[in-house]
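Heads up: the structure comes next, in structure tokens.
Bear in mind these aren't lab numbers, they're just calculated from the coordinates by the rules spelled out. Everything numeric here is computed off the predicted structure, so don't read it as measured data. Cβ atoms come from the backbone with ideal geometry, glycine included; neighbour counts cover every protein chain shown.
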Amino acid sequence: MVKNLLDTYKHKGMRRKLVKKISEKGINDQKVLDAIDKVPRHFFFENAFLEHAYQDKAFPIGQGQTISQPFTVAYQTQLLQVEKNDKVLEIGTGSGYQCCILLEIGADVYTIEYNKVLFEETKKFLPSIGYLAHFRHGDGTLGWPVFAPYDKIIVTAGGPKIPQSLIDQLKVGGKMVIPIGDSSNQVMYRLTKVSDDKIEKEEFDFFKFVPLLGKEGWNKK
Ligand code: SAH
């Protein structure tokens, strides 16, 4: 895959326009907008698809998966209320773009990808462009127990229900953002763990994500 790993004024200009569009759509957390402004999204695209990198839409990244729409990334990140030094667990590394946004905000990111090919690619690619996270290959619906508990958990694929393992691995006072629904659309939820056995649940807009697989996802094996 031929990529252009130079970030020029042209790219920065395209990015500024994208940030403007996203803020017009209702994202107002400056930390999130600044992160979108900083991460070179075209690094995730083949040269030939440069024009697509700064449009507000999802795009295929191979293995039948997609790099999420910038608005969706910003929306989930804003709901998550990420603070500098938060320990964040991400389910669905995919291209790694969302992971970079979290890193730009100053989070310590633990990210899990189910697809082996994507896991291998992204685990190599992100450090090569200067983004350091902890990568794991496996079923993210089971979380990553050895590093638990997490301040924040973000699920970037749509599942049928909220995985209990993820609730268990959230800190008291922590938040999880997760789309839940069927294969055609999902509602965005924000959960706050108010005590060891109490979860507060808020409902937001509808989205369409790729399916969350795994034990507490769509293919129960
Ligand atoms: N955050 C990504 C979005 C990728 S799409 C980005 O910024 O590009 C969702 C990803 O979730 C896909 O790569 C898919 O393979 C992965 N996925 C699906 N079910 C999973 C599971 N149970 N555990 C970990 N990853 C999963």
Item to check | Ranked by how many other beta carbons lie within 10 Å on average, peptides 92-99, 1-8 from highest | outcome: 92-99, 1-8
Item to check | Residue of T141, T66, T192 that the Gaussian network model of the chain assigns the largest fluctuation, springs spanning Cα pairs under 10 Å | outcome: T66
Item to check | For the chain: relative contact order, % (alpha-carbon pairs under 8 angstrom, 6 or more apart) | outcome: 14
Item to check | Alpha-carbon centroid distance for the pair the range 162-221 / the range 130-148, whole angstrom | outcome: 17
Checklist entry - How much of the DSSP beta bridge set in the range 9-207 is antiparallel, as a percent to the nearest 5? => result 50
Next on the checklist: So for the range 85-221, considering every pair of alpha-carbon atoms, how many percent are separated by more than 17 Å?
Outcome noted: 57
Checklist entry - Gaussian network model of the chain, Cα springs within a sub-10 Å range: biggest mean-square fluctuation belongs to which of D56, D197, D151? => result D197
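Run the numbers on the range 131-208 and let me know its relative contact order in percent, using alpha-carbon pairs under 8 Å that are six or more apart.
Numbers: 142 pairs, mean separation 18.4, N = 78.
Result for the range 131-208 is 24 percent.
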Checklist entry - Could you give the semi-axes, largest first, of the ellipsoid that matches the range 11-140, computed as the square roots of 5 times the alpha carbon gyration tensor eigenvalues and rounded to whole Å? => result 21, 18, 12
